[in-house]
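The values are calculated or read from the model by the stated rules, or taken from the named source; none is laboratory data. Given the structure is predicted, the values throughout are model-derived calculations rather than measurements. Cβ: placed from backbone, ideal geometry, glycine included. Neighbour counts: every protein chain shown. Ligands, DNA and RNA are excluded from the accessible area calculation, which covers all protein heavy atoms including side chains. Shrake-Rupley method; radii C 1.70, N 1.55, O 1.52, S 1.80 Å.
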Amino acid sequence: MTGNLKDIYRRRVLDHSREPHNQRRPAAANREVTGFNPLCGDKLTVYLTLDGETVADAAFEGSGCAISVASASMMTDALIGLPADEALRLVADVDAMFSGTDSPADKRLDEMQALASVRDYPSRIKCATLAWSTAEAALRGDAAQVSTE
Ligand code: ZN
């Protein structure tokens, strides 16, 4: 990765963490899961509004480090409007991206590339994946809370 691209990515992460997209509590949300990352102290609540099988809305509240908030912001942008099964596939792609070295082919994960460099810092990977694993639990509707530990 060139230094230039790294700068672009760093700026994108900062933009998302300073002015997160969809940081709100939607009145119509019908799924709500809180995710914790005790290692860092990140705590995020993810709200999904499922309309049939479609993610009509995605939002989050909470507090965490810049990486966890930027990732949550990108997650909401990526999931809004997707069928639930595609949203789950995207969550799996993000998982693969942080556990392996592959870059996701899916164009919808372009923004997440900005966070891919945390793979070099294993203790921060859970900061980046927290919002996504919390969204996965919300999509599956099988938990009210998730923890990375
Ligand atoms: Zn964190």
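Which number in (1) under 10 Å from the mean Cα position of the chain (by Cα); (2) among the aliphatic types (A, V, I, L, M); (3) under 20 Å from Val33 (Cα atoms) marks the one condition that Met112 misses?
(3)
What single numbered condition from (1) at pLDDT below 95; (2) part of a helix (DSSP H, G or I); (3) open to solvent by less than 80 Å² (accessible area, probe 1.4 Å); (4) not polar (S, T, N, Q) fails to hold for Val146?
(2)
Given segment 27-129, what strands (runs of 3 or more DSSP E) lie entirely inside it while holding 1 or more residues that are without any contact (Cβ under 8 Å) to a residue 40 or more places away in the chain, open to solvent by 10 Å² or more (accessible area, probe 1.4 Å) and within 16 Å of the ligand (Cβ to nearest atom)?
Output list reads 42-51, 54-63.
Would you confirm whether any residue within segment 137-145 is in contact with a Pro (Cβ under 9 Å, 6 or more places away or on another chain) and among the polar types (S, T, N, Q)?
No, because not a single residue in segment 137-145 is in contact with a Pro (Cβ under 9 Å, 6 or more places away or on another chain) and among the polar types (S, T, N, Q).
Looking at Asp77, Asp120, can you tell me which residue is within 21 Å of Leu5 (Cβ to Cβ) and touching a His at 6+ places or on another chain (Cβ under 9 Å)?
Within the list Asp77, Asp120, the selection yields Asp77.
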